[in-house]
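Asks: Supplied in structure tokens, the structure appears directly below.
The values are calculated or read from the model by the stated rules, or taken from the named source; none is laboratory data. All of these numbers come straight from a predicted model, not from anything done at the bench. Positions of Cβ are generated from backbone atoms using ideal geometry, with glycine treated the same way; all protein chains shown enter the neighbour counts. Calculation scope for accessible area: heavy atoms of the full protein, side chains included, ligands and nucleic acids excluded. Shrake-Rupley method; radii C 1.70, N 1.55, O 1.52, S 1.80 Å.
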Amino acid sequence: MFVRDKDGTERMKTVPAHRFMYEHYHNVSLTPEQNALHRCDNRACIDPCHLEVGTHAQNMEDMAEKGRSRTGNRISPVMRSTIHKMHEERHSMKAIARVLNTSLGSVKRILKAIRQEHTATHEPQGQGFLFQDTPVLLS
């Protein structure tokens, strides 16, 4: 793709394929603040009908809402609940990650956070306390 600099000279510029396809198909030029966002959530897709204009912030918000974030703290509450339920049903962490199309690391972080929340809420009972549902006696 050729772009014109402020001084009027043309130069070659590399742009992502999906951005190029959107601009070419819709005969528009996106500003630097605009992005071509994938509605189909397939990063390799270049079908202009699957693309829409949005900002980087909108793209990050969409990613977090759909649970596609690499950091566990941005995974949606629905996704967290689903991960917890599948783990209770004895699905492996690897299977959960595959089914929910997220990383194994994200699943591990969420389950670790759930365990920490769970153990922090147990009150001392009698002479011991519960740690991950296992009675531990104090000496």
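Asks: Are there any GluC sites (Glu not before Pro) in region 1-33 that are in a DSSP loop and have at most 16 other Cβ atoms within 10 Å? List them by number.
Replies: 33
Asks: I've got another one for you. Sorted by accessible area with a 1.4 angstrom probe, largest first, how do 109, 98 fall?
Replies: From most accessible down to least: 98, 109.
Asks: Moving on. Checking the cross-link filter: which lysines have an alpha carbon closer than 23 Å to that of residue 66, excluding same-chain neighbours under 8 positions apart?
Replies: Partners within reach: 85, 94, 108, 112.
Asks: By how many nm would the segment from residue 34 to residue 113 grow when fully extended, if each residue of separation counts as 0.36 nm and the alpha-carbon distance is taken off?
Replies: That works out to 24.9 nm of additional length.
Asks: Could I ask something else about it? Roughly how many nanometres apart are two label points built 7 Å out from the Cα toward the Cβ at residue 90 and residue 103?
Replies: Using points 7 Å along Cα→Cβ, the separation is 3.0 nm.
Asks: Same structure, new question: For residue 20 and residue 65 in the same chain, what is the full-extension length gain: residue separation times 0.36 nm, less their Cα-Cα distance, in nm?
Replies: 13.6 nm
Asks: So what J values fall out for region 60-65 if you push phi through Karplus, 6.51 cos²θ - 1.76 cosθ + 1.60 with θ = phi - 60°, rounded to Hz, Gly and Pro as x?
Replies: Whole-Hz 3J(HN,Hα) from phi for region 60-65: 5, 5, 4, 4, 5, 4.
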